[in-house]
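Q: This structure is in structure tokens; I'll ask about it shortly.
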Amino acid sequence: IIVGIVTMFLFSMINPQFWRRAAFPLMALGMILLALVFVPGVGVKMGGSYRWIRLPFGFFVQPSEFIKYALIIFLAASLAKKGANVRYFATGFLPHVLVVGLVVFFILFQPDFGTAVIITLVGFLMLFVAGGKIQHLVGGAILCLPFLFHTAISAPYRLTRLKTFLDPWGDPLNAGFHVIQSLVAFGLSLIHISEPT
């Protein structure tokens, strides 16, 4: 918490124009890092996925974490620059969806389905907040859903996660343990809030 507060304070002192100028370089760097995970000797395979880059002195970095922030800064700068044109398909919706799609493609190739879903949702949410047309967003979501559904069920471990989420009590001591504990914690917090003082 302390590190987070200090970081937020430091970032609040940075001129927003800096982020506008840095948006494209950060995005380009993020895409290069995503590509580097597949380069032999640079990218490291852990747990069956190529998600890490080896740094000197035994350190590792996960490019998908960096690209989350780079993409948000890039989309914010681009959407602000488009202004009212964000409502048009060719100038507002399509270019930004293509950028998000390219990032998602690289991340799914690692593979990292969870991060890909988060990035997709963030991209659509930013388009919505920026004033993108609901028809474009709904149409894009309808086109994305079958692909995401197929990707989710195509790998056994992803399908197991979905089944666990829907029925954590099917395996309460292993796969469903964390989901059940989160529900218990949520329930206890509601009980505490509803208790008379």
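The values are calculated or read from the model by the stated rules, or taken from the named source; none is laboratory data. Source: prediction; values computed, not measured. Glycine also receives a Cβ, built like all others from the backbone with ideal geometry; neighbour counts cover every protein chain displayed. Note: accessible area is taken over every heavy atom of the protein model, side chains too, but ligands, DNA and RNA are not part of it. Shrake-Rupley method; radii C 1.70, N 1.55, O 1.52, S 1.80 Å.
Q: What are the lysines whose alpha-carbon lies under 30 Å from the alpha-carbon of K82, with same-chain residues fewer than 8 places away excluded?
A: Once the sequence-local lysines are set aside, what remains near K82 is K68, K133.
Q: What is the percent carbon and sulfur in the accessible area of the chain, measuring with a 1.4 Å probe over the protein chains and ignoring ligands?
A: 75
Q: Rounded to whole Å and sorted largest first, list the principal axis extents of the Cα atoms in the stretch 35-190.
A: Result for the stretch 35-190: principal-axis Cα extents of 52, 46, 32 Å.
Q: Sticking with the crude label model, points 7 Å out along Cα→Cβ, report the distance from V138 to L102 in nm, one decimal please.
A: Placing both labels 7 Å along Cα→Cβ, they lie 3.0 nm apart.
Q: Starting from the 7 Å offset along Cα-to-Cβ, what nm value, one decimal, do you get for the label separation of E65 and F38?
A: 2.3
Q: Provide the FRET efficiency to the nearest 0.05 for the S154-I191 pair, computing r from the beta carbons and using R0 = 30 Å.
A: Rounded to the nearest 0.05, the efficiency is 0.15.
Q: Considering Cα pairs under 8 angstrom that are at least six residues apart, work out the relative contact order of the stretch 34-189 and quote it in whole percent.
A: The normalised contact order for the stretch 34-189 reaches 15 percent.
Q: Right, another one. For a quick protection proxy, order the peptides 116-128, 138-150 by their average other-Cβ count within 10 Å, most packed first.
A: Order by mean packing, descending: 116-128, 138-150.
Q: Additional query: Could you state the number of Å between the C-alpha centres of the stretch 162-178 and the stretch 81-114?
A: About 33 Å separates the Cα centre of the stretch 81-114 from the one of the stretch 162-178.
Q: Ok, one more. Could you order L173, L79 so the one with the most accessible surface comes first? Probe is 1.4 Å.
A: Per-residue accessible area, sorted high to low, gives L173, L79.
Q: A follow-up question, please. What does the accessible area per residue of the chain come to in Å², with a 1.4 Å probe and no ligands, DNA or RNA counted?
A: With the other protein chains kept in place, the chain gives 67 Å² per residue.
Q: Sticking with this one: Residue farthest toward the positive end of the dipole of the chain, with Cβ of Lys/Arg at +1 and Asp/Glu at -1: which of T160, L94, L148?
A: L94
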